[in-house]
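**Student:** After the structure tokens below, expect a handful of questions from me.
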Amino acid sequence: MRRIALYRPGRDFPSVSVTGARCELMCQHCQGRYLEGMVPVNSPEGLRSLTNRLVKEGSSGLLLSGGCDRQGKVPLLPYVPVIAEIKRTTPLQVNLHPGLVSDEEAELLASSNADRISFDLTLDQDVMRGRMHLDRTPRDSVDSFKALCRSAPGRVAPHVLLGAGKEEFELDAVRLAGGADVPCIILLSLLGEKVDDWEGRLQRAVTAGAATGRPVLLGCMRPRGRSDVEIEALKTGAAGIACPAAATAEWALENGGQWHRGCCALHR
């Protein structure tokens, strides 16, 4: 029987921002709102203190992210030595979200031994410039993704946002992601805006991802309360889901599902 993975990070796997609520891009689909709900740290020592507390509380790990600068980078490099220390001395799992990177930056991030490096793979120029306010190109996104995959094979979790631009570019991103050495493909869906046939768009992306042989997961950023859509995606071939609706979780558990601690990017 196929094992369906259910994830609910919550307090057990907090999201941490190294920039607080500050972001220089202010993408239309976020505008800093997600940063406001994250735990702020402003120094490597602050991260060390936070992780000491998380260990005492029995947490399973953390996501380390933050707002982007004008180049689409999250300033995580100063934290690499502490992340390496966390991985060496604690049982915590660590998921990094660095944004766009150079080859050298990818190697430095990989040297931290973080369990996962999450990357938003975007192939739509209009989305990057018009929605993300980022003066970079899809080639920059692809190059960053490939650099991370070279430096941290099997540890990069590509995320593809559905609904922000043209569907053809989303499906291309899903296929590109599935052709790399990745543990899973995570699908996100645009929130708070009208997206024509977003249900069908999700199913088609699940189908495209599953066809690559990589596990496809429904990430936590997506419209909630539609257990019918979630269950259909799982039936279509999705391997797991973060923060499922109650009816979805019930159906999944009746069909070989299992709860997991932490973030869906840590899917194995």
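The values are calculated or read from the model by the stated rules, or taken from the named source; none is laboratory data. Computed from a predicted structure; not experimentally measured. Neighbour counts run over all protein chains shown; Cβ positions are idealised from the backbone, glycine included.
**Student:** Which count do you get for residues in region 83-124 that are charged (D, E, K, R) and over 20 Å from Phe13 (Cβ atoms)?
**Tutor:** Count: 5.
**Student:** Take the residues in region 84-109 that are hydrophobic (A, V, I, L, M, F, W, C) and crowded, with 22+ Cβ neighbours inside 10 Å; name whichever of them is nearest to Val18 (Cα to Cα). So that I can check it myself, show each step before the final result.
**Tutor:** Taking region 84-109 and keeping what is hydrophobic (A, V, I, L, M, F, W, C), we get 84, 86, 92, 94, 96, 100-101, 106, 108-109.
Checking which are crowded, with 22+ Cβ neighbours inside 10 Å leaves us with 86, 94, 96, 100-101, 106, 109.
Numbers: Ile86: 16, Val94: 14, Leu96: 11, Leu100: 16, Val101: 17, Ala106: 18, Leu109: 15 Å.
Applying the filter and picking the extreme gives Leu96.
**Student:** Determine if region 135-150 includes at least one residue that is aromatic (Phe, Trp, Tyr), within 16 Å of the chain's Cα centre (by Cα) and either over 28 Å from Pro81 (Cβ atoms) or assigned to a helix (DSSP H, G or I) (or both).
**Tutor:** Of all residues in region 135-150, those aromatic (Phe, Trp, Tyr) come to 145.
Now narrow it down to the ones that are within 16 Å of the chain's Cα centre (by Cα): 145.
Filter once more, keeping what is either over 28 Å from Pro81 (Cβ atoms) or assigned to a helix (DSSP H, G or I) (or both): 145.
Checked against the condition, which is being aromatic (Phe, Trp, Tyr), within 16 Å of the chain's Cα centre (by Cα) and either over 28 Å from Pro81 (Cβ atoms) or assigned to a helix (DSSP H, G or I) (or both), region 135-150 yields at least one hit.
**Student:** Mind checking which helices (runs of 4 or more DSSP H) fall wholly inside region 1-120 and carry at least 3 residues that are β-branched (Val, Ile, Thr)? Don't jump to the end; show me each part of the working.
**Tutor:** Details: elements: 33-36, 44-56, 80-89, 103-111.
Those helices (runs of 4 or more DSSP H) span 80-89.
**Student:** Next question. Just one of (1) in contact with a Cys (Cβ under 8 Å, 6 or more places away or on another chain); (2) at pLDDT 95 or above trips up His133, so point out which.
**Tutor:** The number of the failed condition is (2).
**Student:** Right, something else. Could you list, in sequence order, the residues of region 205-223 that are assigned to a helix (DSSP H, G or I) and either of a type in the set (A, V, I, L, M, F, W, C) or buried (at least 18 other Cβ atoms within 10 Å of the Cβ) (or both)?
**Tutor:** So in region 205-223, the residues assigned to a helix (DSSP H, G or I) come out as 205-211.
Residues satisfying the conditions are Ala205, Val206, Ala208, Gly209, Ala210, Ala211.
**Student:** Among Leu202, Leu176, Leu191, which is the only one that is surrounded by fewer than 23 Cβ atoms within 10 Å (Cβ to Cβ), modelled with pLDDT of 95 or more and not in a strand (DSSP E or B)?
**Tutor:** Numbers: Leu202 fails: surrounded by fewer than 23 Cβ atoms within 10 Å (Cβ to Cβ); Leu191 fails: modelled with pLDDT of 95 or more.
Of Leu202, Leu176, Leu191, the one residue that is surrounded by fewer than 23 Cβ atoms within 10 Å (Cβ to Cβ), modelled with pLDDT of 95 or more and not in a strand (DSSP E or B) is Leu176.
**Student:** What pairs come out if I take residues in region 1-17 that are more than 14 Å from Trp251 (Cβ to Cβ) and without any contact (Cβ under 8 Å) to a residue 40 or more places away in the chain and pair them with residues that are part of a loop (DSSP other than H, G, I, E, B) and of a type in the set (Lys, Arg) whose C-beta lies under 8 Å away, six or more apart or interchain?
**Tutor:** Qualifying pairs under 8 Å: none.
**Student:** Would you say Val18 is of a type in the set (Val, Ile, Thr), crowded, with 20+ Cβ neighbours inside 10 Å and either over 15 Å from the mean Cα position of the chain (by Cα) or modelled with pLDDT under 95 (or both)? If you could, list the steps in order and put the result at the bottom.
**Tutor:** On the way: of a type in the set (Val, Ile, Thr): yes; crowded, with 20+ Cβ neighbours inside 10 Å: yes; either over 15 Å from the mean Cα position of the chain (by Cα) or modelled with pLDDT under 95 (or both): yes.
Yes: the conditions hold for Val18.
**Student:** Out of (1) in contact with a strand residue (DSSP E or B) (Cβ under 9 Å, 6 or more places away or on another chain); (2) at pLDDT 95 or above, the odd one out for Ala246 is which?
**Tutor:** Looking at each condition in turn, Ala246 falls short on (1).
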